[in-house]
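Any read-out appearing in this document is the output of simple, stated calculations on the displayed coordinates, not a laboratory observation. These figures come from a predicted structure and were not determined experimentally. Positions of Cβ are backbone-derived with ideal geometry, glycine not excepted, and every protein chain shown enters the neighbour counts.
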């Protein structure tokens, strides 16, 4: 493992004490911008020191991190690298051009980390005595999906289930928008609605579909084990849900603008559900 | 007034039947990208056919619109121009290079409109027998502000009050993010917190400040006339509010991630407030 030491010119990391990014890793990082490679390798990338610190705070361990010593806050990058190394992660440094190729944005502030996709056991998840699940259908925008995951973490959502057709939750932009939420909330993806309904029915988790009709969400006393099915902004949920035994709920709203952003709808529902699960409620 | 007629090649507007965009208007449109010019001229710009249709639906009348016949859906642009002309708006067409200079984004889909800033009488607003106001403090991101205005329209907010230091609600990006909400919800800006407190106290509107402590927002029975003071994501509300007679409320959340996005917080509060004002509630 490379050892990172402070020294050299004030505030500048001595590049010579770090391991240069191998060509094979650079190639891997470029590939991980595609969903195909992420799924094949079960790896994803989180960019920027803030997100990496969130990951560490959540107990996640990067497989390796890459810093670009000339970019970002040298002191902060040093501390981050030391914290990652202490958890057994490899630390590489990249020249600016290589880092630019490895990173998805120009705002990575000199650090990115590669993480194993967390493994979630669906059976254990569905067996929990209290449960709040989000099932997302046709959510296509990575920023929206990341924001939903962020809110999932804020409101103690136990899991986010993505139906086929949703954007990849491990997309770089979705990871950034989750602001660390991805390290707290289990995500299961590439599911069919049939699989989800089968699991909910077997486990006795009640299915609430959010739409423009149905009961006022604020008037409902949800059972301890609840799943909210929420559709993407453009298309809503697929017709499947209209043909199954589900409970329709809606967020009351005026007719002044079209339907709410999916992330806002998820935030409202999760916030109210979280409030309802608190002991004092 | 220029008359727009269909004809010519299939699906292409005959540019010759429309008035070319005068140089002075192009200069004005370029200037309106700055807040200074918008405030001086009390004008703002909405881009894209969808937003312009929302404006018409809300009863707004553009001072003039500019189309770029080669861009976007010709049929749709034609209908839009006809609808605007029917309301007495001037219709100009611009060559692609002029249109590019006039527009803020490359996603304008061949249409933009210039509108008078709506005039709101604060005295009449504060005199309403039922009232839901949002007071925004330190909201710096135009996308966030626009999303909040959109939600204001969705949840029948009577007015959005912006304290000095907030981003301009008539910023092009904020207008786009409002998705037409700006045509439904009055916005008062450049206010000091002292002015707002004075108005709320005089009118008997109760001030609820949203933060990380205070009573659970879902446990509150709000009075008919209520104002919610919400701080921006990075800084929260300014210290002023901690020294005044306000009621603190919070949205219960876990400690997993940092504070909610201001737009999400506003959405949750406005949704719950709207539910509570419905007759059946």
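Give the peptides B:227-234, A:245-252 in descending order of average Cβ contacts within 10 Å, highest first.
Result, highest mean first: B:227-234, A:245-252.
Averaged over B:244-257, how many beta carbons belonging to a partner chain fall within 10 Å of each residue's beta carbon?
5
With a cut-off of 8 Å between alpha carbons and a minimum separation of six or more residues, what is the relative contact order of segment B:30-128 in percent?
Computed over segment B:30-128, the figure is 41 percent.
Per-residue mean of other chain beta-carbon atoms within 10 angstrom of the beta-carbon, peptide A:62-69?
Across A:62-69, the average partner-chain Cβ count within 10 Å equals 0.
In whole Å, largest first, what are the principal axis extents of the Cα atoms in chain A?
65, 41, 39
For residue B:123 and residue A:24, FRET efficiency with R0 = 51 Å and r from the beta-carbon atoms, rounded to 0.05?
So the FRET efficiency works out to roughly 0.15.
Other chains near A:259-266: what is the mean number of their Cβ atoms within 10 Å of each residue's Cβ?
Counting Cβ atoms of other protein chains within 10 Å of each residue's Cβ and averaging gives 5.
From Cα pairs below 8 angstrom and at least 6 apart in sequence, can you work out the relative contact order of chain A, rounded to a whole percent?
Relative contact order, chain A: 18 percent.
Mind giving me the nanometre distance, one decimal, between the label points for residue A:41 and residue B:97, set 7 Å out from Cα along Cα→Cβ?
About 4.5 nm, to one decimal.
Starting with the highest mean, order A:152-161, A:65-74 by the number of other Cβ atoms within 10 Å, averaged over the residues of each peptide.
A:152-161, A:65-74
Tilt of helix A:262-277 relative to the longest C-alpha principal axis of chain A, in degrees (0 to 90, nearest 10)?
Approximately 70 degrees, to the nearest ten.
Rounded to a whole number, what is D in µm²/s for the protein assembly as shown from Stokes-Einstein with the Kirkwood radius over alpha-carbon pairs (37 °C, 0.692 mPa s)?
Estimated via Stokes-Einstein, D reaches 127 µm²/s.
Give the Debye-formula value of log10 I(q)/I(0) at each listed q (0.25, 0.29 Å⁻¹), with one equal scatterer per alpha carbon of segment B:163-219, two decimals each.
Listed by q, the Debye log ratios stand at -1.02, -1.06.
Ordered shortest first, which distances in nm separate the 7 Å Cα→C-beta label point of residue A:165 from those of the other copies?
Nearest to farthest, the other copies are at 4.6 nm.
Percent relative contact order of segment B:129-200, based on C-alpha pairs within less than 8 angstrom and at least six residues apart?
Contact order relative to length: 37 percent.
Once both axes come from the Cα atoms, what is the angle between helix B:193-203 and the longest principal axis of chain B, in degrees from 0 to 90, rounded to 10?
70 degrees
Quick one: if the Förster radius is 41 Å, what FRET efficiency do residue A:277 and residue A:33 give, using the C-beta to C-beta distance and rounding to 0.05?
0.60
In degrees between 0 and 90, to the nearest 10, how far off the longest principal axis of chain B does helix B:142-154 point, with axes built from Cα atoms?
For helix B:142-154, the angle is close to 80 degrees.
Quick one: label points 7 angstrom along Cα→Cβ at residue A:58, distances to the other copies in nm, smallest first?
In ascending order, 3.6 nm.
May I ask you to order A:177-189, A:22-34 by the average number of other C-beta atoms within 10 Å around their residues, highest value first?
Per-residue mean Cβ counts within 10 Å order the peptides as A:177-189, A:22-34.
Taking only DSSP H segments of four or more residues, each worth -39500 (n - 2.57), what value at 222 nm results for chain B once the sum is divided by all its residues, to the nearest 500 deg cm²/dmol?
-10000 deg cm²/dmol
Once you have all Cα-Cα distances for segment A:119-217, histogram them in 5 Å bins from zero and send the whole-percent values.
For segment A:119-217, the pair-distance distribution reads 3, 13, 23, 25, 21, 12, 3, 0.
One decimal, nm, shortest first: give the distances between the label point of residue A:105 and those of the same position in the other copies, each label point 7 Å from Cα along Cα→Cβ.
Spelled out, the distances from residue A:105's label point are 1.7 nm.
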